[in-house]
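Input: a single structure, listed below in structure tokens.
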Amino acid sequence: MTAEITRINPDQLHTTPGYHHITVVEAGRTAYLAGQCPLDRSGELVGPGDLDAQIDQVVANAVAALSAVGAGPERVVRSVIYVVSDDAAVLGGAWRRLTGSALGPAFTTASTLLGVARLGFAGQLVEVDLTAALPERPASR
């Protein structure tokens, strides 16, 4: 059975800036990605002090992780975005950069954006946590 994904915005809830209040997955396999950090392949922090550069690295890492399990951003059913800031303009800018990126379709689903005081790596400004409903595995022959 193929995983069926339905995204819902009930009329009783507020209008969103692109995400859906509810995402329902009828059946299938699920992948839980570790928080994607702005680290390059060697484990070095990308873009110290540069939120946009860090977002771009997080996007590249998340797309690679999804691809490794045979999925794309459209298969994401839940996202949590952490940004080191309490400034609404910074949070909004991070949201717009993410939704305008190659990972953008991931954020049309149930999504949460949080301003936080600190993340795990020194100098880290952003992290994205994703859950994806995977496509059905091909039948073995």
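The values are calculated or read from the model by the stated rules, or taken from the named source; none is laboratory data. As the structure is a computational prediction, the values presented were derived from the model and not from experiment. Here the Cβ is made from the backbone with ideal geometry for all residues, glycine too, and neighbour counts use every protein chain on show. Surface accessibility is based on the protein's heavy atoms, side chains included, excluding ligands, DNA and RNA. Shrake-Rupley method; radii C 1.70, N 1.55, O 1.52, S 1.80 Å.
Phi angles across segment 32-39 convert, under the Karplus curve 6.51 cos²θ - 1.76 cosθ + 1.60 with θ = phi - 60°, into 3J(HN,Hα) values of 10, 7, 4, x, 8, 9, x, 10 Hz, Gly and Pro given as x.
In segment 1-79, the portion of solvent-accessible area held by carbon and sulfur atoms comes to 51 percent [1.4 Å probe, whole percent, DNA, RNA and ligands not counted]. If you fit an axis through the alpha-carbon atoms of helix 88-99 and take the longest principal axis of the Cα set of the chain, what angle between them do you get, 0 to 90°, nearest 10? So the inclination is approximately 40 degrees.
Sorting check: for 61-72, 21-32, which peptide has the highest mean count of neighbouring beta carbons within 10 Å, and how do the rest follow?
Descending mean neighbour count gives 61-72, 21-32.
Against the chain, whose longest principal axis comes from its Cα atoms, helix 51-68 is set at around 30 degrees. Kindly identify segment 43-115 as rounded, prolate or oblate by the Cα gyration tensor criterion: order the square roots of the eigenvalues as a ≥ b ≥ c, call it rounded if a/c is under 1.5, otherwise compare a/b with b/c, prolate if a/b is larger, else oblate. Oblate. Based on protein heavy atoms only, the chain ends up with 55 Å² per residue of surface accessible to a 1.4 Å probe. Of the residues G70, A94, S111, the one whose Cα sits farthest towards the positive end of the charge dipole of segment 49-140 is G70 (charges of +1 on Lys and Arg Cβ, -1 on Asp and Glu Cβ, taken about the Cα centre).
What you get for the chain, charging only the Cβ of Lys and Arg (+1) and of Asp and Glu (-1), is a dipole of about 420 debye around the Cα centre.
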